[in-house]
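*Asks:* Submitted below is the structure of interest, expressed as structure tokens.
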Amino acid sequence: MKICCVGAGYVGGPTMAMIAYKCPGIEVRVVDVDSDRIAAWNSETLPVFEPGLDDVVLKARGRNLFFSTDVDGAIRDSEIIFVSVNTPTKTYGMGANRAADLRFVEACARRIAEVAQDPKIVVEKSTLPVRTAESISRILHGTNSRNGFQILSNPEFLAEGTAIKNLEDPDRVLIGGESSDAEGKEAVEKLVSIYAQWIPRDRILTTNTWSSELSKLTANAFLAQRISSINSISAVCEATGADVDEVAYAIGKDSRIGPKFLQASVGFGGSCFKKDILNLVYLCDYFGLPEVAQYWEQVVRMNDWQKRRFSERIVKVLFNTVADKKLAILGFSFKKDTNDTRESPAIDICRALLEEKAGLSIYDPRVTKEQIKAGLSPVKGVSESTAQDDHRIQVASDPYQAADGAHALVVLTEWDEFVRLDYDRIYQSMKRPAFAFDGRNILNQSELRQIGFESYAIGR
Ligand code: NAD
Ligand code: UGA
């Protein structure tokens, strides 16, 4: 069997690498219009940092896994075509700042329709609004009436940093399709049979297409909602003397609530939570359900407030001014074990501190200087002052250099190495009083205070 994936990003690359690795009998092609990205997938330094990914790619690449820019060739030769292109929030026109921008998905559908010479199964891997499969179907069948197309929804649930584990041993795989007709059933079965090569059948769920599309948005909304919920409680903890980690532990012991996704933080980031909730909010408004839209929108608002609250706390504690002070920023990726900075809370917090004329010395073990600079480059109308503040942004090569001469330490990503730093040494190199702000609650507060830090965490 030959399959391909259009879009060689954080999802397309790892997902297809895992299929190729687990299914040596299937030829897997991953194609993208971005030739630099494809070159990186073919090099020793993959474009995505993900624990365990190099190993999987090395085992399959050149055997039955191929990365190329030959989009048309891959479409032509494949029986199953996964579409894993980006679906960012629209920044223009109708639905701006809410709806998903579907132009890349539509471009793929049109390309498939033009190139296909025989029947194809088209699989939505990208996260999409409910009923997108219908639009794709109309484009495919409207442009190319010679061949039959089956459209399946197969959303991806991997989390960055643990993608390989999630792909190898997923909680479930979800496949949505039309099982009312024989061709639809056959298409679903074909996709099921790929995953069944390494995943137990009872974890491969099949539903109707719309349930599958909506389940993806709903899963992300529920996960993000838990974070906003615990973060809202962190503010109550700070006001009352309760400790949010203790509260999270106590409620997480209730088997109906469970312990996961209750880590209070500086706010959630990543390319999807905000985008997917806004997508859901837009859909609810579109279908005349404003109460539901407002309910979910509050999850994003709470997250924005949490980020703002954190940067404001820093300014207030540092005697109401951070102008010309050096702040050491530890962590820039949106979570540990990834080099991804999309929607990282670090971006908003650094921007807010730059607005206050702070000098930042930023260290992240995996994010490059170019990525950091790009993340903080001015956004029109939002942060014009950062343009002339470029000299205020230093990128440090290690955490000790970042902290040298700083007024405060600010932890924004929960990298394991930050827990193990020599905080005595760091303290000695800092200005007095030396402040520490732990936006991830990973540091031992009493140890920091013993060393001499004036130390703050979330929800304590
Ligand atoms: P990404 O931006 O990393 O990758 C998308 C790739 O698609 C890019 O390399 C781009 O060049 C390519 N592309 C766009 N249009 C194309 C076209 N017409 N032809 C060929 N290539 C094209 O995005 P991602 O993070 O991999 O996300 C992809 C989708 O998966 C999104 O819908 C996202 O919501 C969803 N998703 C992402 C994650 C995640 O952890 N990142 C997890 C689950 C689901
Ligand atoms: C999330 C979901 O977990 C995946 O299931 C989904 O496939 C993916 O979005 C997607 O659709 O893109 P991801 O964003 O990669 O995965 O990472 P998460 O582990 O969910 O973390 C998201 C953000 O929430 C991070 O900034 C993280 O630091 C933060 N977080 C997470 C908390 O602040 N507290 C927690 O308890 C958990």
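*Asks:* Output the number of residues of the stretch 413-460 satisfying the condition of being touching a His at 6+ places or on another chain (Cβ under 8 Å) and surrounded by 15 or more Cβ atoms within 10 Å (Cβ to Cβ). Give the derivation first.
*Replies:* Just the residues of the stretch 413-460 that are touching a His at 6+ places or on another chain (Cβ under 8 Å), to begin with: 430-431, 434-435.
Restricting the remaining residues to those that are surrounded by 15 or more Cβ atoms within 10 Å (Cβ to Cβ) gives 430, 434-435.
Residues that pass the stated criteria total 3.
*Asks:* Which one of Cys237, Cys272 is within 30 Å of Gly95 (Cβ to Cβ) and at pLDDT 95 or above? Even if it seems obvious, please write down each step before you answer.
*Replies:* Values: Cys237 fails: within 30 Å of Gly95 (Cβ to Cβ).
Of the residues listed, the single one that is within 30 Å of Gly95 (Cβ to Cβ) and at pLDDT 95 or above is Cys272.
*Asks:* Restricting the first residue to the stretch 323-352 and requiring it to be closer than 16 Å to Glu312 by Cβ, which pairs with a second residue that is more than 12 Å from ligand 2 (Cβ to nearest atom) and among the polar types (S, T, N, Q) meet a Cβ separation below 6 Å and a spacing of at least six or different chains?
*Replies:* Once the first residue is closer than 16 Å to Glu312 by Cβ and sits in the stretch 323-352, its partners that are more than 12 Å from ligand 2 (Cβ to nearest atom) and among the polar types (S, T, N, Q) give Ile349/Ser311; Arg351/Ser383; Ala352/Ser311.
*Asks:* Moving on. Any chance you could count how many residues in the stretch 256-298 are within 16 Å of ligand 1 (Cβ to nearest atom) and either among the hydroxyl-bearing types (Ser, Thr, Tyr) or assigned to a helix (DSSP H, G or I) (or both)?
*Replies:* Our first condition is that a residue be within 16 Å of ligand 1 (Cβ to nearest atom); within the stretch 256-298, this holds for 261, 268-283.
This time we only want the ones that are either among the hydroxyl-bearing types (Ser, Thr, Tyr) or assigned to a helix (DSSP H, G or I) (or both), so: 271, 273-283.
Count: 12.
*Asks:* Of the residues that make up the stretch 395-412, is at least one out of contact with any Lys or Arg (no Cβ under 6 Å at 6 or more places or on another chain), within 20 Å of Glu356 (Cβ to Cβ) and either β-branched (Val, Ile, Thr) or at pLDDT below 95 (or both)?
*Replies:* Checked the stretch 395-412: at least one residue is out of contact with any Lys or Arg (no Cβ under 6 Å at 6 or more places or on another chain), within 20 Å of Glu356 (Cβ to Cβ) and either β-branched (Val, Ile, Thr) or at pLDDT below 95 (or both).
*Asks:* For the stretch 105-122, indicate whether the set of residues that are crowded, with 16+ Cβ neighbours inside 10 Å, within 16 Å of ligand 2 (Cβ to nearest atom) and on the phi < 0 side of the Ramachandran plot is non-empty.
*Replies:* yes
*Asks:* Please specify each residue of the stretch 140-171 satisfying the condition of being over 26 Å from the mean Cα position of the chain (by Cα) and buried (at least 18 other Cβ atoms within 10 Å of the Cβ).
*Replies:* Applying the first criterion (over 26 Å from the mean Cα position of the chain (by Cα)) to the stretch 140-171 yields 140-150.
Result: Leu140, Asn144, Phe149, Gln150.
*Asks:* Next up: Among the residues of the stretch 65-83, what is the count of those that are polar (S, T, N, Q) and over 18 Å from Ala40 (Cα atoms)? Spell out how you get there, then give the answer.
*Replies:* Start the filter on the stretch 65-83 by keeping residues that are polar (S, T, N, Q), which leaves 68-69, 78.
Next cut, over 18 Å from Ala40 (Cα atoms) only: 78.
Here the count works out to 1.
*Asks:* Give the stretch 1-51 a look and list any residue that's of a type outside the set (Asp, Glu), in a helix (DSSP H, G or I) and away from ligand 2 (no atom under 16 Å from the Cβ), or say none. Before you say what the answer is, go through the steps one by one.
*Replies:* Of all residues in the stretch 1-51, those of a type outside the set (Asp, Glu) come to 1-26, 28-31, 33, 35, 37-43, 45-49, 51.
Going one step further and asking which of them are in a helix (DSSP H, G or I), we end up with 12-22, 35, 37-41.
Within the stretch 1-51, Ala17, Ile19, Ala20, Tyr21, Lys22, Ser35, Arg37, Ile38, Ala39, Ala40, Trp41 meet the criteria.
*Asks:* Here's another thing I want to ask about it. Any residue at all in the stretch 307-325 that is in contact with a Leu (Cβ under 8 Å, 6 or more places away or on another chain), outside any helix (DSSP H, G or I), more than 16 Å from ligand 1 (Cβ to nearest atom) and of a type in the set (Val, Ile, Thr)?
*Replies:* So far as the stretch 307-325 goes, yes, one or more of its residues are in contact with a Leu (Cβ under 8 Å, 6 or more places away or on another chain), outside any helix (DSSP H, G or I), more than 16 Å from ligand 1 (Cβ to nearest atom) and of a type in the set (Val, Ile, Thr).
*Asks:* Output the residues belonging to the stretch 148-175 that are among the hydrophobic types (A, V, I, L, M, F, W, C) and more than 14 Å from ligand 2 (Cβ to nearest atom). Please lay out each step first, then the result.
*Replies:* So in the stretch 148-175, the residues among the hydrophobic types (A, V, I, L, M, F, W, C) come out as 149, 151-152, 157-159, 163-164, 167, 173-175.
If the condition is that a residue be among the hydrophobic types (A, V, I, L, M, F, W, C) and more than 14 Å from ligand 2 (Cβ to nearest atom), then Phe149, Ile151, Leu152, Ile175 are the ones that fit.
*Asks:* Could you please let me know if Ile347 is at pLDDT 95 or above and within 15 Å of Lys307 (Cβ to Cβ)?
*Replies:* On the way: at pLDDT 95 or above: yes; within 15 Å of Lys307 (Cβ to Cβ): yes.
Yes.
*Asks:* Given the criterion of a type outside the set (A, V, I, L, M, F, W, C) and away from ligand 1 (no atom under 16 Å from the Cβ), identify the matching residue among Ser215, Ser211. Don't jump to the end; show me each part of the working.
*Replies:* Values: Ser215 fails: away from ligand 1 (no atom under 16 Å from the Cβ).
One residue alone meets the criteria, Ser211.
*Asks:* Could you pull out the residue among Glu178, Glu183 that is acidic (Asp, Glu) and either within 14 Å of ligand 2 (Cβ to nearest atom) or closer than 15 Å to Ile80 by Cβ (or both)?
*Replies:* On the way: Glu178 fails: either within 14 Å of ligand 2 (Cβ to nearest atom) or closer than 15 Å to Ile80 by Cβ (or both).
That would be Glu183, the only listed residue that is acidic (Asp, Glu) and either within 14 Å of ligand 2 (Cβ to nearest atom) or closer than 15 Å to Ile80 by Cβ (or both).
*Asks:* What's the number of the condition Gly12 fails, among (1) within 21 Å of Phe104 (Cα to Cα); (2) crowded, with 19+ Cβ neighbours inside 10 Å; (3) touching a helix residue (DSSP H, G or I) at 6+ places or on another chain (Cβ under 8 Å)?
*Replies:* (3)
*Asks:* Can you pull out the residues in the stretch 218-234 that are of a type in the set (A, V, I, L, M) and either within 16 Å of ligand 1 (Cβ to nearest atom) or under 21 Å from Pro88 (Cα atoms) (or both)?
*Replies:* In the first step, residues of the stretch 218-234 are kept if they are of a type in the set (A, V, I, L, M); the result is 219, 221, 223-224, 227, 230, 233.
Those that are of a type in the set (A, V, I, L, M) and either within 16 Å of ligand 1 (Cβ to nearest atom) or under 21 Å from Pro88 (Cα atoms) (or both): Ala219, Ala221, Leu223, Ala224, Ile227.
Rundown of residues vs (1) surrounded by fewer than 24 Cβ atoms within 10 Å (Cβ to Cβ); (2) more than 25 Å from the chain's Cα centre (by Cα); (3) away from ligand 2 (no atom under 16 Å from the Cβ); (4) not hydroxyl-bearing (Ser, Thr, Tyr), yes/no style:
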site	(1), (2), (3), (4)
Val315	yes, yes, yes, yes
Thr321	yes, yes, yes, no
Lys325	yes, yes, yes, yes
Ala328	no, no, yes, yes
Lys335	yes, no, no, yes
Asp340	yes, no, no, yes
Glu343	yes, no, no, yes
Cys350	no, no, no, yes
Glu355	yes, yes, yes, yes
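*Asks:* Return the pair list, or none, for Cβ contacts closer than 7 Å from residues in the stretch 1-28 that are over 19 Å from Ile199 (Cα atoms) to residues that are aliphatic (A, V, I, L, M) and assigned to a helix (DSSP H, G or I), at least 6 apart or on different chains.
*Replies:* Cys4/Ala74; Cys4/Ile75; Cys5/Met16; Val6/Val71; Ala8/Ile38
*Asks:* Return yes when Phe82 is part of a strand (DSSP E or B), within 16 Å of ligand 2 (Cβ to nearest atom) and either over 30 Å from Glu297 (Cβ atoms) or not hydroxyl-bearing (Ser, Thr, Tyr) (or both) and no when it is not.
*Replies:* Values: part of a strand (DSSP E or B): yes; within 16 Å of ligand 2 (Cβ to nearest atom): yes; either over 30 Å from Glu297 (Cβ atoms) or not hydroxyl-bearing (Ser, Thr, Tyr) (or both): yes.
So Phe82 passes the test.
*Asks:* When you check Gly148 against the structure, is it among the small types (Gly, Ala, Ser), touching a Gly at 6+ places or on another chain (Cβ under 6 Å) and closer than 29 Å to Pro119 by Cα, yes or no? Can you show your working first?
*Replies:* Numbers: among the small types (Gly, Ala, Ser): yes; touching a Gly at 6+ places or on another chain (Cβ under 6 Å): no; closer than 29 Å to Pro119 by Cα: yes.
In short, no.
*Asks:* Residues Lys165, Lys185: which one is away from ligand 1 (no atom under 16 Å from the Cβ) and either of a type in the set (A, V, I, L, M, F, W, C) or at negative phi (or both)? It would help to see each step written out before you state the result.
*Replies:* Numbers: Lys165 fails: away from ligand 1 (no atom under 16 Å from the Cβ).
Result of the check over Lys165, Lys185: Lys185.
*Asks:* Among the listed residues Ser153, Ser78, Ser84, Ser68, which satisfies the condition of being under 17 Å from Lys190 (Cβ atoms), touching a strand residue (DSSP E or B) at 6+ places or on another chain (Cβ under 9 Å) and within 13 Å of ligand 1 (Cβ to nearest atom)? If you could, list the steps in order and put the result at the bottom.
*Replies:* Details: Ser78 fails: within 13 Å of ligand 1 (Cβ to nearest atom); Ser84 fails: under 17 Å from Lys190 (Cβ atoms); Ser68 fails: under 17 Å from Lys190 (Cβ atoms).
Of the residues listed, the single one that is under 17 Å from Lys190 (Cβ atoms), touching a strand residue (DSSP E or B) at 6+ places or on another chain (Cβ under 9 Å) and within 13 Å of ligand 1 (Cβ to nearest atom) is Ser153.
The values are calculated or read from the model by the stated rules, or taken from the named source; none is laboratory data. The structure presented is a predicted model; accordingly, all values stated were derived computationally and were not measured. Positions of Cβ are generated from backbone atoms using ideal geometry, with glycine treated the same way; all protein chains shown enter the neighbour counts.
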